[in-house]
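Notes follow once the structure below has been shown.
The values are calculated or read from the model by the stated rules, or taken from the named source; none is laboratory data. Only a predicted model underlies this, so the values are computations on that prediction, with no experimental measurement involved. Neighbour counts run over all protein chains shown; Cβ positions are idealised from the backbone, glycine included. Note: areas computed on protein heavy atoms with side chains; ligands, DNA, RNA excluded. Shrake-Rupley method; radii C 1.70, N 1.55, O 1.52, S 1.80 Å.
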Amino acid sequence: MVHDEWKRRDFFRLAATGAVVLGGASFVAACTEAPQTGGQGAGGALERAKKAGTIKVGIAGEIPYGYTDGGNVTGESPEVAKAVFKSLGIAKVDATQVEFKQLIPALAAGQYDMVAAGMAILPERCKQAAFSAVDYVTPTAFLVPKGNPKQVLSFEDIKAKDLNVAVLSGTIEQQVAKASGVPDSQLQTYDGQPQMLQALQANRAYAGALTDISLKALLKQNPGAALEVTAGFVPEVQGKKQVQAGGFVFRKNDSDLVTAFNTELAKLHQNGQWLEIVKPFGFTKDNLPPADVTTEQLCSGS
């Protein structure tokens, strides 16, 4: 269960905002098109996209969830989105990159019709936008020195052993650490993964806390780092598990698009295609959402 004031990762904050074409070869430095208005029922985003053969999505430049690579957009969420929209007869998917914290405001402003950035489903966000069915679940982990000499496996260990932990500003990990009793004197906040990595390599912090998928991707990009990722776990606060479950985000009045997207997403989960799509980004069958983890449950905080 996820506390309604906790926020999803807010990192890889990039100064430039751009538009990119999924699967294409070009990266446009700035989006100059006028914002689109929100959809209304059958005449909303889905109908527009089918007529145009194109749909716009928002990403945040976060590895491995949604980012650019050589000018092309890729990542777990954009690749799954491409497969879904292909099934809906929408061949082209354009992506606009903004800071993570701006994804929902830009969606509401009509800059795009969906967020494909691996966003956690939280009650506070459900008040602002509509989420798809759960796309994946992912545990928390720590990035620690090789061998994990201090044997840190939980936030309680961080507190008890008086160790510094690096977290990213605005993340669930930051809030869980505080709720677990880790004092501010042991909590270091950074704006992005590179800064976290530097803190660990400089021994300013013993551990860095993020989702295990994000940490594994970070370590893969830095194979020379004398670090390792601990086993993933689901943190508990006051006896309640803090499940991290991600999904796609839509405007509330685009219910036609949400329904159509959920139908095709469920097919990908069931026929094994989803697993093939997401494997390159470090996802496994363990990241498939359990039947008892639903968007309705996560939005209600229950």
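The chain: longest stretch without exposed GluC sites (Glu not before Pro) (DSSP loop, at most 14 other Cβ within 10 Å), sites themselves excluded? Answer - 34-302.
May I ask you to rank 87, 77 by accessible area, largest first, using a 1.4 Å probe over the protein chains only? Could you put the intermediate results ahead of the total?
Numbers: 87 75, 77 0 Å².
Final ranking, largest accessible area leading: 87, 77.
Nearest-5 percent of antiparallel DSSP beta bridges in the range 137-219? Walk me through the numbers before you get to the answer.
Values: 4 of 10 bridges.
Taking every DSSP beta bridge within the range 137-219, about 40 percent pair in antiparallel fashion.
Of 275, 210, 107, the residue with the greatest mean-square motion in the GNM of the chain, using alpha carbon springs below 10 Å, is 275. Placing +1 on the Cβ of every Lys and Arg and -1 on the Cβ of every Asp and Glu, with nothing else charged, gives the range 186-285 a dipole about its Cα centre of roughly 120 debye.
Under the simplified labelling scheme, the residue 128-residue 270 pair shows an inter-label distance of 3.3 nm, with each label point 7 Å from Cα along Cα→Cβ. Checking the cross-link pairs 220/240; 86/220; 56/86; 146/178; 92/220 against a 21 Å limit on the alpha carbon distance flags 220/240; 86/220; 146/178; 92/220 as lying beyond it. Residues whose amide H lies under 5 Å from that of residue 97, counting only those 5 or more places away or on a different chain, are 18, 19, 20, 59; hydrogens are built 1.01 Å from N in the peptide plane.
With a simple spin-label model that places each label point 7 Å from the Cα along the Cα-to-Cβ direction, the separation between residue 252 and residue 50 comes to 2.5 nm. The distance separating the Cα centre of the range 232-252 from that of the range 107-143 comes to 11 Å.
Of the beta bridges DSSP finds with both residues in the chain, what % are antiparallel, to the nearest 5? Percentage antiparallel, nearest 5: 65.
Could you give me D for the chain, from Stokes-Einstein at 10 °C and 1.306 mPa s, where the hydrodynamic radius is the Kirkwood radius over C-alpha pairs? Units µm² s⁻¹, please. Present the calculation step by step, with values, prior to reporting the outcome.
Values: Rh = 19.6 Å.
For the chosen part, D equals 81 µm²/s.
A compact globular protein would have a Cα radius of gyration near 2.2 N^0.38 Å; the ratio found for the range 243-302 is 1.22.
Only the Cβ atoms of Lys and Arg (+1) and of Asp and Glu (-1) were treated as charged; on that basis the dipole of the chain about its Cα centre amounts to roughly 220 debye.
Taken along its principal axes, the alpha carbon cloud of the range 49-207 reaches lengths of 59, 35, 23 Å, longest axis first. Among 237, 278, 84, the largest mean-square fluctuation in a Gaussian network model of the chain, built with springs joining Cα atoms closer than 10 Å, belongs to 237. Of 251, 125, 204, the residue with the greatest mean-square motion in the GNM of the chain, using alpha carbon springs below 10 Å, is 204. Along its first, second and third principal axes, ordered by size, the range 146-270 spans 51, 37, 26 Å in Cα coordinates.
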